[in-house]
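The values are calculated or read from the model by the stated rules, or taken from the named source; none is laboratory data. If you're wondering where the values come from, they're calculated on a predicted model, not measured in any experiment. Counting neighbours? That spans all protein chains shown, and the Cβs are built from the backbone with ideal geometry, glycine included.
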Amino acid sequence: MKINNYLTILGTIFLAFWLENFINQYSINFYIEFNLGFLVFSYWVFAMHEKLQAFSSLAYGVVVDLFFFSALGFNMLFFTTMSYLINLYVFRFRIFSYLQLSIFFSASSIFYLACKYLLFSPLNYSYLMLFNSFIFNMILWVGLYFVLRSFRRKFLSM
Amino acid sequence: MARSAPSYTPIRNYLIGFFLSALILFADIRFDSFASIKGFFRASALYLQLASNVPLDQLNKITSTFSEKIAITQENNYLKQEIIKLQTKAMIEQKMFSTQIDRINSYENKLNTLGMKSISLFEIASIDLKNYLCCSSHKLFLNNPDKKSISTNLPVMAKESYVGQTRKNHMNFIEVILFSDAEHLLPIKSPSFFCNARGRGKPLMISCVVNTEESALTNVNDSIFTSGLGGVFMPNIKVGEIIEINHLSIDESEVIIKLIDDPLEQTLFGIVG
């Protein structure tokens, strides 16, 4: 894969994290937190699993941690693990329906969210928020899947 | 026949990545080992953010010139800024002055120790909104374009009260830890108790644990003041009000306090010291 493509993917992940920060300021009042950045990263690994493996996941994780002020290592850890899981089961995912896929990816993003709260803010941990976020991230995944797929076909040449 | 779908996923690389990131995460959370690197990137991001505002400002200036109102607009903006600065400074000075008068009345023999401290005003550069709204880490960054030497742990005031303490300097920015940060402890007092209130990791919320006898004398809506213990904050400055009292056990109750000054609504902050 060309370096331009890696940078384009990084750009979309950046944009997603930035949008996520913006939207979550308002949605958090309704106990909803969108995991746009994590879902966008997951999509790219899912769609281009042969190109995005351990090292690139780690690299994206470092950049996101540094620029989005998380504890260093948090996104690295989750990006690497998610990348491994997707790469392991990618061919099984091919026969999954959209509903099954959205359940899997939304559940993964909720696990990420739960760990984030348990590590950095246990006082704000809320099952209601996790449940609401699960539903909304499921819907979000379906939209993201189609938007990013058409983006990939249009702009990313291998 | 294959029982599972074929895939080529070399686990070694992932294991290395997993353990490396876990190690880094542990080092960062437990020992804050990467604070300087993170501070550098945070400051760079803020620079980028400020630099991106420059072209927009230029565009605004050009349009103002065309409409022949640039001088008036500039003067207006300048005066507005000055008024806000003077108002904030006056408010803080008034607060400090009244506190000092109280102390003078109480401790006439200690007049020499009550010299007026200097106040430096700084404009807010950014607030770590993502963490402020969701997580335990509540920090804000103040612009320090003149690179004034600011010590750590100095009290930071907003419009009406203290909001936090200086923590670190990153290039031209001063990092301030807010009272609501879960790592921060603030010595406070109410009419019925003294305690060290810890940030709850929620916007404007701090709490402390008091014994049942003290909590029996405490009511919701009671005002909370700085106790002055520790010598960092001046005593008797109102910082918040009690909004909830939860009984934790037979002996202890948790008092939840809402701070009066919301850092999201302020643009100027005074560092006292």
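Of all positions in the range A:95-102, none carries a residue that is crowded, with 16+ Cβ neighbours inside 10 Å and either among the basic types (Lys, Arg) or within 24 Å of B:Phe19 (Cβ to Cβ) (or both). When the test is whether a residue is in a loop (DSSP other than H, G, I, E, B), touching a residue at least 12 places away in the same chain (Cβ under 8 Å) and surrounded by fewer than 21 Cβ atoms within 10 Å (Cβ to Cβ), B:Pro145 passes it.
Summed over the range A:40-82, the residues that are small (Gly, Ala, Ser), in contact (Cβ under 8 Å) with a residue 40 or more places away in the chain and assigned to a helix (DSSP H, G or I) give a count of 3.
Among the residues of the range A:117-124, are any out of contact with any Phe, Trp or Tyr (no Cβ under 8 Å at 6 or more places or on another chain) and farther than 19 Å from B:Arg200 by Cα? Checking the range A:117-124: not a single residue is out of contact with any Phe, Trp or Tyr (no Cβ under 8 Å at 6 or more places or on another chain) and farther than 19 Å from B:Arg200 by Cα. Of the set (1) of a type in the set (Val, Ile, Thr); (2) touching a Leu at 6+ places or on another chain (Cβ under 8 Å); (3) at pLDDT below 90, all apply to A:Thr80 but (3). Scanning the range B:217-229 for residues that are more than 14 Å from B:Met96 (Cα to Cα) and either at pLDDT 85 or above or not in a loop (DSSP other than H, G, I, E, B) (or both) yields a count of 7. Among residues of the range A:1-12 that are more than 17 Å from A:Phe68 (Cβ to Cβ), those with a beta-carbon under 7 Å from a residue that is modelled with pLDDT of 90 or more at least six positions away or on a different chain give the pairs A:Tyr6/A:Ser56.
Determine if the range B:41-49 includes at least one residue that is surrounded by 10 or more Cβ atoms within 10 Å (Cβ to Cβ), basic (Lys, Arg) and within 22 Å of the chain's Cα centre (by Cα). The answer is yes; a qualifying residue exists. Is it the case that the range A:3-15 has a residue that's outside any helix (DSSP H, G or I) and either farther than 22 Å from A:Leu130 by Cα or more than 8 Å from chain B (Cβ to nearest Cβ) (or both)? No: the range A:3-15 contains no residue that is outside any helix (DSSP H, G or I) and either farther than 22 Å from A:Leu130 by Cα or more than 8 Å from chain B (Cβ to nearest Cβ) (or both). In the condition set (1) at pLDDT 80 or above; (2) within 14 Å of another protein chain (Cβ to nearest Cβ), B:Gln49 is compliant with all but (1).
Checked against (1) within 30 Å of B:Asn211 (Cα to Cα); (2) out of contact with any His (no Cβ under 7 Å at 6 or more places or on another chain); (3) assigned to a strand (DSSP E or B), B:Pro191 meets all criteria but (3). Within the range A:134-153, can one find any residue that is buried (at least 16 other Cβ atoms within 10 Å of the Cβ) and within 14 Å of another protein chain (Cβ to nearest Cβ)? Scanning the range A:134-153 turns up no residue that is buried (at least 16 other Cβ atoms within 10 Å of the Cβ) and within 14 Å of another protein chain (Cβ to nearest Cβ). I want to confirm something. Restricting to the range B:162-182 and keeping residues that are out of contact with any Gly (no Cβ under 7 Å at 6 or more places or on another chain) and at pLDDT below 85, which single residue is nearest to the other protein chains (Cβ to nearest Cβ)? The residue in question is B:Met171. If I filter the range B:134-151 for residues that are among the small types (Gly, Ala, Ser), farther than 14 Å from B:Glu175 by Cα and within 14 Å of chain A (Cβ to nearest Cβ), do I get at least one hit? Yes, that holds for at least one residue.
Check whether at least one residue in the range A:54-61 is at the interface with chain B (Cβ under 7 Å from one of its Cβ atoms), surrounded by fewer than 16 Cβ atoms within 10 Å (Cβ to Cβ) and under 25 Å from B:Asp128 (Cβ atoms), and report yes or no. No, the range A:54-61 has no match at all. Scanning the range A:75-85 for residues that are facing chain B (nearest Cβ under 7 Å) and surrounded by fewer than 23 Cβ atoms within 10 Å (Cβ to Cβ), we see that the one that is nearest to B:Cys134 (Cα to Cα) is A:Thr81. In the set (1) modelled with pLDDT under 90; (2) part of a strand (DSSP E or B); (3) not hydroxyl-bearing (Ser, Thr, Tyr); (4) not assigned by TED's automatic domain parsing to the domain that holds B:Phe122, the condition left unmet by B:Glu214 is number (2).
Just one of (1) under 29 Å from B:Lys130 (Cβ atoms); (2) not assigned by TED's automatic domain parsing to the domain that holds B:Tyr162 fails for B:Leu268. It is (2).
The selection criterion, being within 14 Å of another protein chain (Cβ to nearest Cβ), assigned to a helix (DSSP H, G or I) and either exposed (fewer than 12 other Cβ atoms within 10 Å of the Cβ) or polar (S, T, N, Q) (or both), does not hold for B:Leu56. Taking the numbered list (1) closer than 25 Å to A:Arg92 by Cβ; (2) modelled with pLDDT of 75 or more; (3) more than 7 Å from every other protein chain (Cβ to nearest Cβ) in turn, B:Ser33 passes all entries but (1).
Listed here are the residues, each with its yes/no results for (1) in a loop (DSSP other than H, G, I, E, B); (2) on the phi > 0 side of the Ramachandran plot; (3) free of Cβ contacts under 8 Å to residues at least 40 places away in the same chain.
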{"position": "A:Phe96", "(1), (2), (3)": "yes, no, yes"}
{"position": "A:Leu101", "(1), (2), (3)": "no, no, no"}
{"position": "A:Ala107", "(1), (2), (3)": "no, no, yes"}
{"position": "A:Met129", "(1), (2), (3)": "no, no, no"}
